[in-house]
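Report on one structure; see the data block that follows.
Just so you know, all these numbers are worked out from the coordinates, no wet-lab data involved. What you see is a predicted model; the values in this text were computed from it and never measured. Virtual Cβ from ideal backbone geometry, glycine too; neighbours counted across all protein chains shown.
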Amino acid sequence: MTEVTIWLAFLAGVVSFLSPCVFPLVPAYLAQLTGTNISDNQINADRKIILSRSAGFILGFTIIFLLLGLSSTFIGQAFLGNRQLFEQIGGIVIAVFGLQMMGVISIRMLLSEKKLAVKPKKTASFANSVLLGFLFGTGWSPCIGLVLSSILVLASQAETMWSGMFMLFIYSIGLGIPFLLVALLWSRSLNKVRALNRWLPTIQKVSGGIMVVLGILLFTGQFAVISAYLARLAQSLPFTI
């Protein structure tokens, strides 16, 4: 684990939150979590309820992502003897995901949505908020699936299972913090949320371009070189980032 991969995991979480499949649906998620409705451009719920239920939702998908990180790293360890080949394959996969996000290619299989056939009832229960987070984590939409899969590819190359799980934990923080901020700051003014919708396609294309570059770096072996260089540079600084 390096600071580069940690920041990549965090930014990937933020990008997942800002995807067109998640961000516009935040008000609906909040209404579902709090067991209330949206009226007069507001979510009719106390902020303490919004905070606690959002925390439960974040906890739910964080647990799922940690398990995904554990299993992904376990698989990666099985291919440790062919690490270079595995990195090259991972680089190709990430680059393809990036091209998909940019709209350069369209692979129908990558657009298929994975969902559990369970529909949680609208409720203000903390336990059911965790359940909804579980369902979100296990049945992510295509947009978040491309970014998450790329982080799982990176996690599969971690030296230890704890490192892989920690990477997915950082990813969950990147996804959870913006959700929490929206829940706390914008739940009383949904127009502020909707005003950002026009930027989402641009954010998705830029993120896709970054994924393509990352995939190329992994394939050529330059990602490890750059990560090692930045790690040495960070150690030489009089302060830590």
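Sticking with the crude label model, points 7 Å out along Cα→Cβ, report the distance from Thr160 to Ile216 in nm, one decimal please.
Going from the Thr160 label point to the Ile216 one covers 3.5 nm.
Between Leu181 and Leu70, what's the calculated FRET efficiency when r is the beta-carbon distance and R0 is 35 Å? Round to 0.05.
0.80
For the pair Ala127 and Ile105, how long in nm is the line joining their label points, each one 7 Å along Cα→Cβ?
It works out to 4.6 nm between the two label points.
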